[in-house]
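Each remark here refers to the structure printed beneath this line.
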Amino acid sequence: MSTSNHYDVIIIGSGAGGGTLAYQLAPSGKRILLLERGGYLPREKDNWDAKSVFVESKYRAKETWYDKDGNAFLPGIQYYVGGNTKVYGAALLRFRAQDFGEVRHHGGISPAWPLSYQDFEPYYTKAEQLYHVHGQRGVDPTEGPASAPYRHPPVSHAPRIQELFDDFKRLGHHPFPLPLGILLDEAEGKALHTSACVRCAAFDGFPCLVNGKADAQVICVDPALEHSNVELLTGAYVERLETNAPGRVVTKVIVTRDGAEEQYSADIVVVSCGAVNSAALLLRSANEKHPGGLANSSDVVGRHYMRHNCSAFMAVSKDPNPTVFQKTLALNDYYFRSDDWDYPLGEIQMLGKSDGEMLKGEASGWAVWKPEFALDYLAEHSIDFWLQSEDLPHPDNRVTINRDGQIVLSIHETNLEGHKRLTAKLKGMLGDIGLHDQLMHRSLYLGKDIPIGGTAHQAGTVRFGRDPKTSALDVNCKAHDLDNLYVVDASFFVSIAAVNPSLTIIANALRVGDHLLERLGL
Ligand SMILES: Cc1cc2nc3c(=O)[nH]c(=O)nc-3n(C[C@H](O)[C@H](O)[C@H](O)COP(=O)(O)OP(=O)(O)OC[C@H]3O[C@@H](n4cnc5c(N)ncnc54)[C@H](O)[C@@H]3O)c2cc1C
Ligand code: SF4
């Protein structure tokens, strides 16, 4: 192999995990190659067009996966430099301290992580600073201790959302400003001339046309590439990893690019393709020494897939809701329990504002529900919520590869009762918070093939742990079975808590980055 194809570190995948790791390692001067199957997400007006984004799914991967019965579905997944963060809603929350321990749910046990909140805390702080998180400490009673305040003030509420905030408080709840990764400078609810973000309506699920969202490309990959020792290859699909004869070292990374095979190698190989694709890559890389897939002597690779029990809902406000930027409020009063239930229910957040085009895409459902509400009335009066509860890591919820090398995702729903109760709690409050008494599912946000196509929060398929019999990765996210293979995307999760996953992925990538710098002697 030509020495020019040999690197100190190869990182496969440039999303929240891989992009952040590249950023962390870039100043080391080590030769780093970032392999990304996608290209740059095109910057064009359609980035902000609800019909293109949600109804036509313009930016979603044109890829078919299969469920356990062989039915085809379209995963809600994006392949670009920056990964799924190009379209994420940038709600960047820490796990609660208790989430790192064992938590008893109605549907079973959410297992303990091998590390504690305190181990992650310094990296959470770094991650928040790196990704420009705007938030406020001390308002959400469930948050863990933090070693520094947020660097940026919370994103201000629009008047209708401030009313909602006040209504929740009046009911004895503790709403708090949703921590958001956003490049926003604002005054009196308006973006300043210096601000990259213009506080538009396209925050959640859309790409940002003006690079105002703190995504992994803008925050990490672009700055990493300013270092001459970092290279990025786009359109570089990693087919498989090969090992040396004893099976302890990854010696080749086999890539398909422009229809041709290319080979690369590195002292350290880091897989960060997203939880489903990372598991698939390891399974595809089975060889004589690793017959069940690379790093899989424990047989956990692909198993324990989690993605949250979540729902997007729209309620109709009695007063018009002219809010443009809606995603500024969250509520954790039911995170651990409620007055009538001793198990966790989950988190309530605001979602990006429904748009007339999105409602048209979902119109048949609305017509059945409230034929008296015209679509334009709904668009003017809608208020949108995201409800998120913990699903549990079940070994049979798993990623496998079929005979044709395609991805198969097997799902059995877990722990649904808490989510049902969370939905009922919100429903029960609607009248008191100035809303009509019905909640309507917003299916387009989650993708047309929910529940199985709702892969946005995928995690857990290459879990870390101390015991090589029950985990694939050690606490540094190195494969137990190999000396130079790491995984730094959402695959390492042991449980998923009830908060959005990215801040924990980012914090972990920074943590593993520190370990790798030490390993590289820096
Ligand atoms: C609509 C939407 C809204 C979301 N909102 C939020 C939110 O508000 N807050 C939050 O915390 N999270 C949110 N998420 C989830 C968040 O985007 C993901 O949790 C996060 O991006 C996962 O990071 P990752 O590094 O695991 O994978 P990804 O970001 O998916 O990155 C994986 C990368 O690997 C590349 N890749 C895959 N396979 C290969 C291969 N074989 N060879 C080469 N490259 C490969 C992919 O193209 C991709 O770039 C949202 C997601 C979606 C879709
Ligand atoms: S709200 Fe800001 S970050 Fe979001 S799409 Fe609009 S300009 Fe971009």
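Look through 210, 218 and report the one residue that is closer than 30 Å to residue 442 by Cβ, open to solvent by 40 Å² or more (accessible area, probe 1.4 Å), more than 10 Å from ligand 1 (Cβ to nearest atom) and not hydroxyl-bearing (Ser, Thr, Tyr).
Of 210, 218, the one residue that is closer than 30 Å to residue 442 by Cβ, open to solvent by 40 Å² or more (accessible area, probe 1.4 Å), more than 10 Å from ligand 1 (Cβ to nearest atom) and not hydroxyl-bearing (Ser, Thr, Tyr) is 210.
Might you let me know whether the range 136-155 holds any residue that is within 20 Å of residue 430 (Cβ to Cβ), among the small types (Gly, Ala, Ser) and either loosely packed, with under 13 Cβ neighbours inside 10 Å or under 27 Å from the mean Cα position of the chain (by Cα) (or both)?
Taking every residue of the range 136-155 in turn, none turns out to be within 20 Å of residue 430 (Cβ to Cβ), among the small types (Gly, Ala, Ser) and either loosely packed, with under 13 Cβ neighbours inside 10 Å or under 27 Å from the mean Cα position of the chain (by Cα) (or both).
Name every residue in the range 20-47 that is in contact (Cβ under 8 Å) with a residue 12 or more places away in the chain and part of a loop (DSSP other than H, G, I, E, B), in order of residue number.
29, 30, 31, 36, 37, 38, 40, 41, 43, 44
I'm told residue 340 meets every condition in (1) of a type outside the set (Lys, Arg); (2) crowded, with 16+ Cβ neighbours inside 10 Å; (3) modelled with pLDDT of 95 or more except one. Can you identify the failing condition by its number?
Going through the list (1) of a type outside the set (Lys, Arg); (2) crowded, with 16+ Cβ neighbours inside 10 Å; (3) modelled with pLDDT of 95 or more, residue 340 breaks only (2).
Can you tell me which residue in the range 496-522 is nearest to ligand 1 (Cβ to nearest atom), limited to those that are open to solvent by 10 Å² or more (accessible area, probe 1.4 Å) and assigned to a helix (DSSP H, G or I)?
Only one residue fits best here, namely 502.
Working only within the range 461-500, note down all residues that are out of contact with any helix residue (DSSP H, G or I) (no Cβ under 6 Å at 6 or more places or on another chain) and either within 30 Å of residue 331 (Cβ to Cβ) or among the basic types (Lys, Arg) (or both).
Matches in the range 461-500: 463, 466, 469, 478, 492, 493, 494, 495, 496, 498, 499, 500.
A quick yes/no check of all residues on (1) closer than 30 Å to residue 207 by Cα; (2) within 16 Å of ligand 1 (Cβ to nearest atom); (3) among the polar types (S, T, N, Q):
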site: 94; (1), (2), (3): yes, yes, no
site: 117; (1), (2), (3): no, no, no
site: 130; (1), (2), (3): yes, yes, no
site: 135; (1), (2), (3): yes, yes, no
site: 143; (1), (2), (3): yes, yes, no
site: 154; (1), (2), (3): yes, yes, no
site: 164; (1), (2), (3): yes, no, no
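Hey, does the range 48-58 have a residue that's of a type in the set (Asp, Glu), in a loop (DSSP other than H, G, I, E, B) and within 16 Å of ligand 2 (Cβ to nearest atom)?
yes
If residue 265 passes every condition in (1) within 21 Å of the chain's Cα centre (by Cα); (2) assigned to a strand (DSSP E or B); (3) not acidic (Asp, Glu) but one, which one does it miss?
(1)
Write out, first by first residue and then by second, each pair whose Cβ atoms fall under 7 Å of each other, whose residues are 6+ apart or on separate chains, and whose first residue, in the range 256-284, is within 16 Å of ligand 2 (Cβ to nearest atom) while the second is of a type in the set (Lys, Arg).
Short answer, once both residue conditions are applied: none.
Checking the conditions here, which among 91, 148, 112, 127 is of a type in the set (A, V, I, L, M, F, W, C), closer than 21 Å to residue 342 by Cβ and in contact (Cβ under 8 Å) with a residue 12 or more places away in the chain?
From the options 91, 148, 112, 127, the qualifying one is 112.
In the set 80, 88, 59, which member is in contact with a Lys or Arg (Cβ under 9 Å, 6 or more places away or on another chain), open to solvent by less than 40 Å² (accessible area, probe 1.4 Å), closer than 19 Å to residue 388 by Cα and not small (Gly, Ala, Ser)?
88
I'd like to check something: does the range 293-309 contain any residue that is of a type in the set (A, V, I, L, M, F, W, C), within 12 Å of ligand 1 (Cβ to nearest atom) and not in a helix (DSSP H, G or I)?
Checked the range 293-309: at least one residue is of a type in the set (A, V, I, L, M, F, W, C), within 12 Å of ligand 1 (Cβ to nearest atom) and not in a helix (DSSP H, G or I).
Among the residues that make up the range 93-116, is at least one of them buried (at least 16 other Cβ atoms within 10 Å of the Cβ) and in contact with a His (Cβ under 8 Å, 6 or more places away or on another chain)?
So far as the range 93-116 goes, no, none of its residues is buried (at least 16 other Cβ atoms within 10 Å of the Cβ) and in contact with a His (Cβ under 8 Å, 6 or more places away or on another chain).
Name the strands (runs of 3 or more DSSP E) wholly inside the range 158-262 in which the number of residues that are closer than 28 Å to residue 358 by Cα is 2 or more.
Those strands (runs of 3 or more DSSP E) span 175-177.
The values are calculated or read from the model by the stated rules, or taken from the named source; none is laboratory data. Everything quoted here is computed from the prediction, not taken from an experiment. Cβ coordinates were reconstructed from backbone atoms using ideal geometry, including for glycine residues, and neighbour counts include every protein chain displayed. Just the protein is used for accessible areas: all its heavy atoms, side chains included, with ligands, DNA and RNA removed. Shrake-Rupley method; radii C 1.70, N 1.55, O 1.52, S 1.80 Å.
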